[in-house]
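Colleague: Take a look at this one; I'll ask things after.
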């Protein structure tokens with residue numbers, strides 16, 4: 001990740017609405033099909049998501065999502081459920097595998113969709129302004 005300013009970070013090679021595609025190789029992109037051809041992005045799709053782990057825990061993942069939505073589980077209990085002794089449980093690993101899919105989709109959309117980049121930029125600006133205000137209030 002590259003840093004811009006004091007509090008904002010962006011994926012490498014991404015500056016404003018201009019995207020330097022040659023630097024996307026810094027990002028880790030995941031594929032679900034090892035036999036698939038990803039064209040010019042083939043070199044950056046070096047890792048494969050373990051869909052078998054997601055399938056094995058899909059029912060539990062849905063129950064966790066439902067419990068979170070309904071507020072029936074506390075964060076501390078969920079953290080204990082997802083890792084033991086600093087290592088992910090099977091369910092924790094399934095969530096990590098699923099998260100890799102969504103992260104890859106986000107990065108691909110960020111690179112290909114200028115409107116999406118503008119929306120992310122606007123959100124970053126709001127967050128940065130909030131942090132600046134907090135620093136002024138608490139540190140003068």
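The values are calculated or read from the model by the stated rules, or taken from the named source; none is laboratory data. In this text the structure is predicted, and so the values were computed from the model without any measurement. We place every Cβ from the backbone using ideal geometry, glycine too, and count neighbours over all the protein chains shown.
Colleague: I'd like to know if segment 63-73 contains one or more residues that are assigned to a helix (DSSP H, G or I), in contact (Cβ under 8 Å) with a residue 24 or more places away in the chain and surrounded by 13 or more Cβ atoms within 10 Å (Cβ to Cβ).
Modeller: Restricting attention to segment 63-73, the residues satisfying the condition of being assigned to a helix (DSSP H, G or I) are 63-70.
Next, only the ones that are in contact (Cβ under 8 Å) with a residue 24 or more places away in the chain stay: 64.
Now restrict to residues that are surrounded by 13 or more Cβ atoms within 10 Å (Cβ to Cβ): 64.
Among the residues of segment 63-73, at least one is assigned to a helix (DSSP H, G or I), in contact (Cβ under 8 Å) with a residue 24 or more places away in the chain and surrounded by 13 or more Cβ atoms within 10 Å (Cβ to Cβ), which makes the answer yes.
Colleague: Can we say residue 115 is under 15 Å from the mean Cα position of the chain (by Cα), surrounded by fewer than 13 Cβ atoms within 10 Å (Cβ to Cβ) and assigned to a helix (DSSP H, G or I)?
Modeller: No: the conditions fail for residue 115.
Colleague: Which residue is nearest to residue 104 (Cα to Cα), if the candidates are limited to segment 34-44 and must be without any contact (Cβ under 8 Å) to a residue 12 or more places away in the chain and assigned to a loop (DSSP other than H, G, I, E, B)?
Modeller: Per the criteria, the residue is 38.
Colleague: Within segment 79-94, track down each residue that is assigned to a helix (DSSP H, G or I) and in contact with a helix residue (DSSP H, G or I) (Cβ under 7 Å, 6 or more places away or on another chain).
Modeller: Selection gives 81, 82, 90, 91, 92, 93, 94.
Colleague: Now for a different question. Could you look through segment 85-105, keep only residues that are surrounded by fewer than 11 Cβ atoms within 10 Å (Cβ to Cβ) and either closer than 30 Å to residue 41 by Cα or modelled with pLDDT of 90 or more (or both), and pick out the one that is nearest to the chain's Cα centre (by Cα)?
Modeller: 102
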